[in-house]
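Novice: Could you have a look at this structure, given as structure tokens, before my questions?
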Amino acid sequence: MIDLRSDTFTQPTPAMRQAMAMAEVGDDVFGEDPTVNRLEARVAELLGKEAALFVPSGTMGNQIGIRLHAGPGDEFICDLHAHVYQYEQAAFAQLFGISVRTIDAPGGMLCPQEVEEHLRPDSIHSPRTTLVCLENTHNRRGGRVLPQDRVEELCAWAADRGLARHLDGARLWNAAAATGVPPADLVRCFDTVSVCFSKGLGAPVGSALCGSRDHIARARRLRKALGGGMRQAGVLAAAALHALDCHLERLADDHAGAQKLAAAVREAPNLGLIEYGCDTNIVVAEVAPALGSASELCAALRERGVLTLPISPKRVRAVTHLGVSPQEIDQAAAALREAGG
Ligand SMILES: *Cc1c(COP(=O)(O)O)cnc(C)c1O
């Protein structure tokens, strides 16, 4: 089976397993795991932030990030299709008493005028708006790279209004690879940023939250409270370090593969590419009524040896990653043309 459901289905490579096996470790809850410390320093430097914290998942990184900038009775603003809103169980509400206000932002890019309209007035009746969250690349919007000039414009406006800025950068690496802009330049205008090692980078586990020294000191306490304090976590950090050494450059291959799949989607008479096209490693196809539902297309592709994911009644997602060879991409493209015909 050619598994294009997600870039989380990667298997650690033999070299990555070797790096994990050889990792020098200690008790990271005591701050004594040298490999975790090395990873945190490396990521902080890559993102141009003072400090970083290794966390078990992107969800934990985002939720801690949100909690740093909002508390009970506060509200944050994000795109309607943001991962933090759609796929994280409203943990901010369950765990921290934080509210959210969503905006259906074209391409996932909030604009100052519209956010302004959703800000709460300073009133005894209202929650307080304290934070704006963006996502780059944007998962549900087809792996879209947010236009950097608009990101900076929004962040400058938000800072001016006294609002904090958090970026869900689960696939920030893909945005950097697609644009050629260094990750640090993409995130300069954010207070905190979460990044994943377990997506396109191919590590089995792990994310990082980055920000100021003060933010990360608070984040370390929150991580412990959430049960995310890990002991000899260097075994996992070694995989992430290996991924940063060896799997960043090859993201361009994933993007090239996605372009082939996107071309097949464009050519198939009963499929259409979503409005923002394909910027990175995620291809979202819209299924024409004549062909049936998203699940029916997924079933037809499965019969042809290709696994994809229905993400709405009419939309199917295919994600390229290091576990799929160029030949398999060609096979998958052929399957899309056939099943979408
Ligand atoms: C995968 C992902 C996350 C985090 O997911 P985990 O499964 O908790 O690691 C966060 N944001 C986006 C956009 C993602 O794609």
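The values are calculated or read from the model by the stated rules, or taken from the named source; none is laboratory data. Not measured: the values here are computed from a predicted model. Positions of Cβ are backbone-derived with ideal geometry, glycine not excepted, and every protein chain shown enters the neighbour counts. Only protein heavy atoms, including side chains, enter the accessible area calculation; ligands, DNA and RNA are left aside. Shrake-Rupley method; radii C 1.70, N 1.55, O 1.52, S 1.80 Å.
Novice: Within 18 Å of S6 (Cα to Cα), without any contact (Cβ under 8 Å) to a residue 40 or more places away in the chain and crowded, with 16+ Cβ neighbours inside 10 Å: does that describe A294?
Specialist: In short, yes.
Novice: Another question, then. If I ask for residues that are in a loop (DSSP other than H, G, I, E, B) and either more than 15 Å from the ligand (Cβ to nearest atom) or out of contact with any strand residue (DSSP E or B) (no Cβ under 9 Å at 6 or more places or on another chain) (or both), which ones from the range 131-154 would you list? Explain how you work it out, then say what you get.
Specialist: In the first step, residues of the range 131-154 are kept if they are in a loop (DSSP other than H, G, I, E, B); the result is 136-137, 139-143, 145-147.
Answer for the range 131-154, where residues must be in a loop (DSSP other than H, G, I, E, B) and either more than 15 Å from the ligand (Cβ to nearest atom) or out of contact with any strand residue (DSSP E or B) (no Cβ under 9 Å at 6 or more places or on another chain) (or both): just P147.
Novice: Still on this structure, I have one more. Would you check which residues across the range 267-285 are under 18 Å from L309 (Cα atoms), surrounded by fewer than 18 Cβ atoms within 10 Å (Cβ to Cβ) and at pLDDT 95 or above and list them?
Specialist: N270, G272
Novice: Also: Sort out which residues of the range 97-117 are within 18 Å of A156 (Cα to Cα) and open to solvent by 40 Å² or more (accessible area, probe 1.4 Å), and write them in order of number.
Specialist: Those that are within 18 Å of A156 (Cα to Cα) and open to solvent by 40 Å² or more (accessible area, probe 1.4 Å): Q113, E114, E116, E117.
Novice: Mind listing just one residue for me: the one in the range 17-35 that is more than 18 Å from R221 (Cβ to Cβ) and either part of a helix (DSSP H, G or I) or within 16 Å of the ligand (Cβ to nearest atom) (or both) and, of those, least open to solvent (accessible area, probe 1.4 Å)?
Specialist: T35
Novice: Report, ordered by the first and then the second residue, all pairs with beta carbons closer than 7 Å, sequence separation of six or more or different chains, a first member in the range 76-87 that is within 15 Å of V151 (Cβ to Cβ) and of a type in the set (D, E), and a second member that is part of a strand (DSSP E or B) and more than 11 Å from the ligand (Cβ to nearest atom).
Specialist: D79/T102; D79/I103
Novice: Condition (residue is open to solvent by 10 Å² or more (accessible area, probe 1.4 Å), more than 10 Å from the ligand (Cβ to nearest atom) and either in a loop (DSSP other than H, G, I, E, B) or in contact with a His (Cβ under 7 Å, 6 or more places away or on another chain) (or both)) applied to the range 88-96: is it met by at least one residue?
Specialist: Yes, the range 88-96 contains a residue that is open to solvent by 10 Å² or more (accessible area, probe 1.4 Å), more than 10 Å from the ligand (Cβ to nearest atom) and either in a loop (DSSP other than H, G, I, E, B) or in contact with a His (Cβ under 7 Å, 6 or more places away or on another chain) (or both).
Novice: Could I ask something else about it? When the residues of the range 155-170 are filtered to those that are buried (at least 21 other Cβ atoms within 10 Å of the Cβ) and part of a helix (DSSP H, G or I), which remaining residue is farthest from the chain's Cα centre (by Cα)?
Specialist: That would be A158.
Novice: Related question: Among the numbered conditions (1) touching a Ser or Thr at 6+ places or on another chain (Cβ under 8 Å); (2) within 14 Å of the ligand (Cβ to nearest atom), tell me where W173 comes up short.
Specialist: Single failed check for W173: (1).
Novice: Among the residues of the range 64-73 satisfying the criterion of being away from the ligand (no atom under 16 Å from the Cβ) and farther than 14 Å from A217 by Cα, which is most open to solvent (accessible area, probe 1.4 Å)?
Specialist: P72
Novice: Go through (1) on the phi > 0 side of the Ramachandran plot; (2) part of a loop (DSSP other than H, G, I, E, B) and name the single condition G107 misses.
Specialist: It is condition (2) that G107 fails.
Novice: For the subset of the range 36-58 comprising residues that are open to solvent by less than 10 Å² (accessible area, probe 1.4 Å) and either in a strand (DSSP E or B) or among the acidic types (D, E) (or both), which member is nearest to the ligand (Cβ to nearest atom)?
Specialist: V55
Novice: For the range 74-85, enumerate the residues that are closer than 18 Å to H118 by Cβ, part of a helix (DSSP H, G or I) and within 10 Å of the ligand (Cβ to nearest atom).
Specialist: If the condition is that a residue be closer than 18 Å to H118 by Cβ, part of a helix (DSSP H, G or I) and within 10 Å of the ligand (Cβ to nearest atom), then V84 is the only one that fits.
Novice: Look through G61, G108 and report the one residue that is more than 14 Å from L163 (Cα to Cα), within 13 Å of the ligand (Cβ to nearest atom) and in contact with a His (Cβ under 6 Å, 6 or more places away or on another chain).
Specialist: G108
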